[in-house]
Amino acid sequence: MSNQIKISTGEFIPLEMHKVRIVQKLNLLPVEERLKAMEEAGYNSFLLNNRDVYMDMLTDSGTNAMSDQQLASMMIADDAYAGSESFNRLKAAVEEVLGTKYFLPAHQGRAAEHILAKAFVTEGSVVPMNFHFTTTKALIMYAGGRVEEFFYDVASQVKSEHPFKGNMNIEKLVACIEENGVEKIPFVRMEAGTNLIGGQPFSIANMREVRKVCDKYGIPLVLDISLVCENMYFNKTREEEFKDKEPAEILRTLCDLADIVYFSARKICCSRGGGIATNNEKLYLKMRDLIPLFEGFLTYGGMSVREIEAMAVGLREATDFNMIRHSPEFIKYLVERLDAKGIPVITPPGGLGAHLDARGFLPHLSSHEYPAGALTAAMYIAAGVRGMERGTVSMERDPDGTEVPAEVELLRLAFPRRVFTLSQTKYLEDRIEWLWKNRNLIGGLKFVEEPPVLRFFVGRLAPTSDWPQKLVAKFREDFGDSL
Ligand code: F0G
């Protein structure tokens with residue numbers, strides 16, 4: 001199946017299956033002002049003000065464009081604290097799309113993870129997973145547990161043609177269970193569209209193997225479906241068995257393999273919110289009473305009813321192939337063009353965003369100089385584009401304070417769905433190429449303020465030399481008066 005459109009030059013381009021009806025103005029500051037904004041943000045892209053950002057590629061979380069149907073649904077929200085019709089509509093959508101009877105609302109993905117950790121993780125627990133996500137790991141550690149990641153070597157290889165880098169390493173999973181004993185393992189977690197290795201999917205064949213192991217040992221299987229749209233896109237386009245299946249059927253197949261599914265609706269539903277769904281009454285009851293304690297009553301879970309309505313519509317739209325293919329096809333367009341120029345970028349192209357390999361980009365920097373953080377800062381200075389560091393800065397230190405170098409050092413340039421155009425993508429490509437040509441100018445970063453947990457959110461850093469000023473001078477030399 002061709003997912004892009006062929007034009008007369010022989011080139012393939014992604015084609016939008018929607019039109020833009022509401023727009024938001026953008027600013028592109030002069031490069032000197034971008035440097036100033038980066039300095040004020042402590043070289044942490046989370047601390048930039050959006051008014052200073054041209055393309056906000058920090059995340060797709062809560063920044064996907066909503067559909068007209070979603071916006072319209074928000075007008076009919078039912079405000080009741082208990083038994084709201086909005087919640088009933090969401091519950092019906094969850095049952096229809098995910099195939100689950102029980103649903104617990106939570107205000108976002110990490111709130112769902114908090115409930116899971118509180119309900120199932122105790123001191124000394126071990127939670128095996130294909131790969132961690134930052135909030136998942138932090139919450140499991142906070143509950144006294146530990147995360148073990150079991151991926152195949154290919155997951156940390158930058159360049160690869162492996163279609164499913166997010167697969168769980170089955171042999172290592174079994175060894176972990178045998179070694180620790182079933183009683184230490186509250187659940188096994190699979191993350192769809194594995195975020196931190198570059199939005200890479202797992203195959204349904206692999207998920208079935210994980211299910212078999214969980215069945216054999218009687219351990220619940222938890223599936224994080226926050227990024228499942230992209231995973232499904234790749235199940236459909238890369239896994240023979242699913243090429244003629246509708247996304248709705250693929251999603252049901254995935255959910256049926258898990259005991260619990262949970263999600264950030266900020267991602268999967270192009271809305272806000274989150275939730276936990278299951279068909280297992282026992283597991284549901286273990287979590288249920290924590291919702292009113294930490295989130296809100298069972299029929300709103302910390303969300304506004306408008307968000308709940310948008311979630312219900314967004315969940316159904318998450319099975320529309322024209323919607324879910326949008327960002328993977330833009331990502332493919334950019335990644336293939338960068339790769340052809342020899343620029344180190346994660347391949348094959350994944351979901352969520354284009355991921356530049358900062359170790360390959362800046363081999364002169366060690367992990368302790370935070371290459372992904374430095375490249376993120378340089379990207380903003382060069383282009384006004386805000387990406388996200390997904391490398392050592394995003395890691396937690398070990399409990400004894402030791403710095404843990406990340407498996408991969410990535411600058412993530414997220415493509416929120418239906419937000420950016422092809423000309424913006426071409427501008428981005430050009431500025432990445434310029435950075436690549438001038439990579440020797442980019443130096444390292446060091447922490448000047450380091451919070452003890454999830455330090456990447458609010459930590460402040462500084463350059464280890466005057467490299468940002470040199471980068472700005474080179475920009476002026478090459479681009480003259482241009483922004
Ligand atoms: N699971 C995955 C796979 C995620 O990507 C995220 C969030 C969460 C859970 C937590 O959800 O943000 O609603 O609390 N990822 C965002 C990102 C933050 O930018 O990748 P949340």
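The values are calculated or read from the model by the stated rules, or taken from the named source; none is laboratory data. What you see is a predicted model, and the numbers here were worked out from it, not measured in a lab. FYI the Cβ positions are ideal-geometry reconstructions off the backbone, even for glycines, and counts take in every protein chain you see. Accessible surface is based on the protein model in full, side chains and every heavy atom, while ligands, DNA and RNA are left aside. Shrake-Rupley method; radii C 1.70, N 1.55, O 1.52, S 1.80 Å.
Tabulated values for the structure
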item	result
Residues of the range 157-171 classified as under 19 Å from the mean Cα position of the chain (by Cα) and assigned to a loop (DSSP other than H, G, I, E, B), total	7
Number of positions in the range 49-74 that are open to solvent by 60 Å² or more (accessible area, probe 1.4 Å) and either touching a strand residue (DSSP E or B) at 6+ places or on another chain (Cβ under 7 Å) or modelled with pLDDT under 95 (or both)	1
Which numbered condition residue 396 misses (of (1) open to solvent by less than 20 Å² (accessible area, probe 1.4 Å); (2) in contact with a helix residue (DSSP H, G or I) (Cβ under 7 Å, 6 or more places away or on another chain); (3) within 16 Å of the ligand (Cβ to nearest atom))	(1)
Long-range neighbours under 6 Å by Cβ, at least six apart or interchain, first residue assigned to a helix (DSSP H, G or I) within the range 128-156, second among the hydrophobic types (A, V, I, L, M, F, W, C) and at pLDDT 95 or above	137/147; 139/117; 140/117; 140/121; 140/127; 140/147
Boolean, residue 174 is away from the ligand (no atom under 11 Å from the Cβ), touching an Asp or Glu at 6+ places or on another chain (Cβ under 8 Å) and either in a helix (DSSP H, G or I) or open to solvent by less than 50 Å² (accessible area, probe 1.4 Å) (or both)	no
Matching helices (runs of 4 or more DSSP H) fully within the range 191-309 where at least 3 residues are on the phi < 0 side of the Ramachandran plot and within 15 Å of the ligand (Cβ to nearest atom)	228-238, 265-268
Residue in the range 97-112 that is assigned to a helix (DSSP H, G or I), more than 16 Å from the ligand (Cβ to nearest atom) and without any contact (Cβ under 8 Å) to a residue 60 or more places away in the chain present	no
Residue 303 more than 18 Å from residue 102 (Cβ to Cβ) and surrounded by 21 or more Cβ atoms within 10 Å (Cβ to Cβ)	no
Boolean, residue 353 is within 16 Å of the ligand (Cβ to nearest atom) and within 30 Å of residue 5 (Cα to Cα)	yes
Strands (runs of 3 or more DSSP E) fully within the range 405-473 counting 1 or more residues that are within 16 Å of the ligand (Cβ to nearest atom) and crowded, with 19+ Cβ neighbours inside 10 Å	410-414
